[in-house]
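Here the structure comes first, spelled out in C-alpha cells, and everything after it is commentary.
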Amino acid sequence: MSETTAATTSGSTASGADSGAAGTSGATSGATIELENLTKRYPGSHEPAVDSVSMEIKAGETVIFVGPSGCGKSTTLKMINRLIEPTSGRIRIDGEDVTDIDPVKLRRKVGYAIQSSGLFPHMTVAQNIALVPKMIGWGKSRIKSRVEEMLDLVGLDPGEFHGRYPRQLSGGQQQRVGVARALAADPPVLLMDEPFGAVDPITRDHLQDELIRLQHELHKTIVFVTHDFDEAIKLGDRIAVLRERSHIAQFDTPEAILTNPADDFVSGFVGAGAALKRLNLTRVRDVEIADIPTVTVDDPLQTIFDKLRVSGVNELLLLDKRGRPYKWLRRGDLMRAKGSLARAGTLVHDTVTRDATLRDALEAVLTDNAGRVAVTGRRGEYTGVVDMETLMNSVHEMLEADRLDAVEHQHELEEQRAQLTHQEQEGAGYGDPGGAAKA
Amino acid sequence: MNFWDYLGNRHQQLLTDAYQHASAVFQCMVVATLIGVLIGVLTYRSEWAGNLATTATSTILTIPSLAMIGLLIPVVGLGVAPTVIALTLYGLLPIVRNAIVGLRGVDPSLVDAAKGIGMSRAARLFKVELPIAWPPILTGIRVSTQMLMGIAAIAAYASGPGLGNEIFRGIGSLGSKNALNQVLAGTLGIIVLALLFDAAYVLIGRLTISRGIRV
C-alpha cells in the first residue's frame, strides 16, 4: 500500500501532493462493524426479509454483499445505518452498540453513497459536499477547504466544478461527487448501495479503479452492495455471497470463493469462467516479466543491426527518447524500409502497467498480432514484456496453488468433522457407532 | 363624461380602492400560502389524508363566492372579516394541491439519501423537500392570486374593501351616465393589478428557485 500512496502523490503536482499528504495524515481510518443476529421482519409477511445475519467486518476492509435481486442485501446494508430499523439483533460499530442510539447521530458517522448519486439537484456541487460537515458544525473556512480537498480526491477540478449544479455533470461525475459527499465529514465507515449501477460500463470500470485508489489512501471500512459478481471480485477484500433472506452462503476472499465455492448456489453465482475471473485477482507485477532486447531511437543504425543479429531474437523493441516503448522492429523491417527508422517496424499500440490485472494483460496479448505486450512503469517507461507463455505458466501455477489451498482447506474441514464424529461416538457410547455416525 | 375624464376626476378614490384591493389579496395570499403549505406538509405522506385535503379544498371552491360571503355575514358580520375569510379559503385549493403534488414528486431516492447522510426530519423538509417542491408550489400561489383578484371584487357585497365597490356602484346605478365608467374602471383596475402581481411572481421565481432545478 505504501507503494501506491507514493505513486499517487509523486504523480500529482506539488500542491496536490501537499493536500494529499494532509488528507491522509489527518484522516480517520476504518472501524469494525459487527452484526449480530440482525433480523428484519415486515408486518404482514411470514418470512423475514433478512433472517438473523451475523457478520464481523474488520477495520479498513472492503466487504461486498453480492447476491441475486431481492435477496435482502440492500436491506441488510440499510440496517447498518438504520435507514431500515432492524426488528431484532445488534449492530456494533467500533465496539459501540449503535442499535439504540439516535439514528441521525449514527448516520453522520457513516458515509452513504447510493445509485445515481442521490445529489440534491437544487444545490451546487460544493453545497452538496458541504452538507454533512455543516450539520456537524464545522467552521466556514474548514468546510471550504474540505470541499476543495474532496473534489481533488475524487479527481474533479475544484475550480471548475464546485459551482456547478448536478444536472450539469455527467453520470460518472455525479457519482464521484456522491462519493465525495459521503466522505466529506471523514466517517470511518462508508456504505455504498449499488453506487455504480446506473453508469455505462466504461465509466463504471473507471469509477471502480478510482475507488480502489481512494481506498488505498483512506482505509475506510467499506460495505458495498452489488449484484455484479465481477465488480465484487474487483473491489472486495472479502465477499459475502448472500442467498434469499440474506443468508450468508459464503463469506470469504475472492480467491477462495472462485476456487472453492461453498456450494452449488455459490458456484452458480460465480458463473462460468472462474479461471478467467481469477485473472482479475493477480496483477502484472506479481508475475514474471520477460525481458527483450531494446534499442533507443538515438542509437546508430549499425548498433541496431548488430543487436538484431547477435541477440538471436526476431524482434527488438525500439524506445523513444524517454525510454517509452515506441515500435516493434523485426528482422526484415529495416531492410524493407531501406534503413529508415522512421518508416520501419510497427507502432506499439497497447501497453499495460505493472498495476494492470492479468486479465487486462491477456486482453492486450490476444489483440496484439504477435502475442505479446510491453509492460510500462509509472511514467510510461519500458520495464519488460508479457507474452502468452508467461501468462499460461502463471495461470497454471496460480490455479495449482489455489487447488492445493482448497485441498488443504477441505482436509481441515474433514478433520474437524472426523473429530466431531469421534466425540459424538464417544458420547453416544460404543454400542451403536453406526447410528452415531449417521447422526 | 368620457372614461378618461372619469379616471381623471376619480383617481384618488380609484387608487385607494386599488390599493385596498391589492392589499387584501396580498394579505390573504400570505395567510393562504402558510396554511396551504402547512396542510400539504402535514398530509402528503398519507394517501388518504392528502386526498382528503385536496377534496375538501376543492369542495370549498365549488361554493359560489357570493353565496359564501352571504353565508359568512350572519356569522362574522360585515366588512373586512368575511372578505378575508372567504378569500383565504378560496386561495387554499391550488396551493394545497400543488404542495401535495410537489412534495410527493420529490424523488424517494433523494429523501433516502438525505436520511442516509444524517439529516433530521426538519432538515429534510426545509433543505431538500420544500426547495425541490417549491416551483409547483409557487405556480399554485400564482394561480390562487389570479383567482382571488376576481373573487375579491365580490367582497364589496359585504361592504368589504377594494375595486369591487366601484363595480357594484356601477351595477347599482345602471342607466346613469357614470355607470359604465364605474364598472369599466373597476374591472380594468383588477386586470392591471393581476398583471402586476403576475410580474412580481416571475421575479420571485427568478430569485427563489435554484438554478439547478429551474426549467
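Accessible area per residue (1.4 Å probe, heavy atoms of protein chains only) ranks A:Tyr165, B:Tyr19 as B:Tyr19, A:Tyr165, with the largest value leading. Size estimate for chain B follows the Kirkwood approach: the inverse of mean 1/r over distinct Cα pairs works out to 18.9 Å. Under 5 Å between amide hydrogens, built in the peptide plane, is the criterion, and for A:Thr353 it picks out A:Thr376 among residues at least 5 positions away or on other chains.
Summing Cβ point charges (Lys, Arg +1; Asp, Glu -1) relative to the Cα centre of region B:16-208 gives a dipole of roughly 240 debye. Near A:Phe65, the amide H atoms lying under 5 Å from its own belong to A:Phe224, A:Val225, A:Thr226, A:Ala240; only residues 5 or more places off or on other chains count, and H is placed 1.01 Å from N. Here the 3J(HN,Hα) profile of region A:178-193, calculated from phi with Karplus coefficients 6.51, -1.76 and 1.60 at θ = phi - 60°, is x, 5, 4, 5, 5, 9, 4, 8, 6, x, x, 10, 10, 9, 10, 9 Hz, Gly and Pro shown as x. The Cβ shell under 12 Å around A:Val225 holds other residues with a net charge of -2, Lys and Arg each +1, Asp and Glu each -1.
Would you please state which residues of region B:162-194 a label at B:Asn9 would reach in this model, taking the label point 7 Å out along Cα→Cβ and a backbone N cut-off of under 11 Å? Hits in region B:162-194 for B:Asn9 at 11 Å: B:177-179, B:181-182.
Helix A:301-311: angle to the longest alpha-carbon principal axis of chain A, degrees 0 to 90, nearest 10? Around 60 degrees separate the two axes. Farthest toward the positive end of the dipole of the protein assembly as shown, out of B:Ala113, A:Asn81, A:Tyr42, is the Cα of B:Ala113, where the dipole comes from beta carbon charges about the Cα centre.
Around the amide H of A:Thr296, modelled in the peptide plane, lie the amide H atoms of A:Leu319, all under 5 Å away and 5 or more residues distant in sequence or on another chain. Counting only alpha carbon atoms, the long axis of helix A:388-428 and the longest principal axis of chain A meet at about 20°. Each of B:Leu125, A:Ala180, A:Tyr382 was placed along the dipole of the protein assembly as shown (beta-carbon charges, centred on the mean Cα), and the one lying farthest toward the positive end is B:Leu125.
Nothing charged except the Cβ atoms of Lys and Arg (+1) and of Asp and Glu (-1): what's the magnitude of the dipole of region B:1-126 about its Cα centre? Round to the nearest 20 debye. All intermediate terms of the calculation are to be shown ahead of the outcome.
Values: 7 positive and 5 negative charges, 78 e Å.
Here the size comes out at about 380 debye.
Between helix A:125-135 and chain A, what is the angle of the helix's C-alpha long axis to the longest principal axis, kept within 0 to 90° and rounded to the nearest 10? Once rounded, one gets 40 degrees. Taking every alpha-carbon pair within chain A, the share separated by more than 43 Å comes to 28 percent.
For region B:1-125, with all protein chains in place and a probe radius of 1.4 Å, 70% of the accessible heavy-atom surface sits on carbon or sulfur. Looking at the protein assembly as shown, the accessible area is 49 square angstrom per residue; that uses a 1.4 Å probe and ignores ligands, DNA and RNA.
Mind checking how much accessible area A and B bury in total, 1.4 Å probe, in Å² rounded to 100?
On the way: alone 22490 and 11460 Å², together 32040 Å².
When A and B are taken together, about 1900 Å² of accessible area is lost.
Take each uninterrupted DSSP H stretch in chain B, measure its Cα extent along the helix axis, and return the ones at 27 Å or beyond whose mean Kyte-Doolittle hydropathy is at least 1.6. Taking the DSSP H segments of chain B (at least 27 Å long, mean hydropathy at least 1.6), we get B:179-208. In the protein assembly as shown, the DSSP beta bridges split such that about 55 percent are antiparallel, to the nearest 5. For the pair region A:405-419 and region B:186-215, the centres of their Cα atoms are 78 angstrom apart. Each residue of region A:149-155 is assigned a 3J(HN,Hα), and the resulting list reads 4, 5, 4, 4, 4, 8, x Hz, derived from the Karplus form 6.51 cos²θ - 1.76 cosθ + 1.60 (θ = phi - 60°), x at Gly and Pro.
Using the Karplus relation 6.51 cos²θ - 1.76 cosθ + 1.60 with θ = phi - 60°, the per-residue 3J(HN,Hα) values for region A:324-334 come to 8, x, 10, 9, 8, 10, 9, 4, x, 4, 5 Hz, with x marking Gly and Pro.
For the protein assembly as shown, what is the charge dipole size about the Cα centre, in debye to the nearest 20, if Lys and Arg each add +1 at the Cβ and Asp and Glu each add -1 at the Cβ?
Numbers: 65 positive and 72 negative charges, 737 e Å.
Rounded to the nearest 20 debye, it is 3540 debye.
Binning the alpha carbon pair distances of region A:276-376 at 5 angstrom intervals from zero yields the distribution 2, 12, 22, 22, 17, 11, 8, 4, 2, 0, expressed in whole percent.
Per DSSP H run of n ≥ 4, the term is -39500 (n - 2.57); total these for the protein assembly as shown, divide by its residue number, and report the mean residue ellipticity at 222 nm rounded to 500 deg cm²/dmol.
-18000 deg cm²/dmol
Pairs A:Lys277/B:Lys115; A:Lys109/A:Lys144; A:Lys40/A:Lys277; A:Lys140/A:Lys234; A:Lys58/B:Lys127; A:Lys73/A:Lys277: which exceed 30 Å Cα-Cα? All intermediate terms of the calculation are to be shown ahead of the outcome.
Working: A:Lys277/B:Lys115 37 Å; A:Lys109/A:Lys144 20 Å; A:Lys40/A:Lys277 34 Å; A:Lys140/A:Lys234 38 Å; A:Lys58/B:Lys127 35 Å; A:Lys73/A:Lys277 23 Å.
Those over the limit are A:Lys277/B:Lys115; A:Lys40/A:Lys277; A:Lys140/A:Lys234; A:Lys58/B:Lys127.
Ranked by solvent-accessible area (1.4 Å probe, protein heavy atoms only, all chains present), the residues A:Trp328, B:Trp48, B:Trp134 order from largest to smallest as B:Trp48, B:Trp134, A:Trp328.
The values are calculated or read from the model by the stated rules, or taken from the named source; none is laboratory data. Since the model is a prediction, treat every value here as computed from it, not as a measurement. Positions of Cβ are generated from backbone atoms using ideal geometry, with glycine treated the same way; all protein chains shown enter the neighbour counts. SASA here: full protein model, heavy atoms, side chains in, ligands and nucleic acids out. Shrake-Rupley method; radii C 1.70, N 1.55, O 1.52, S 1.80 Å.
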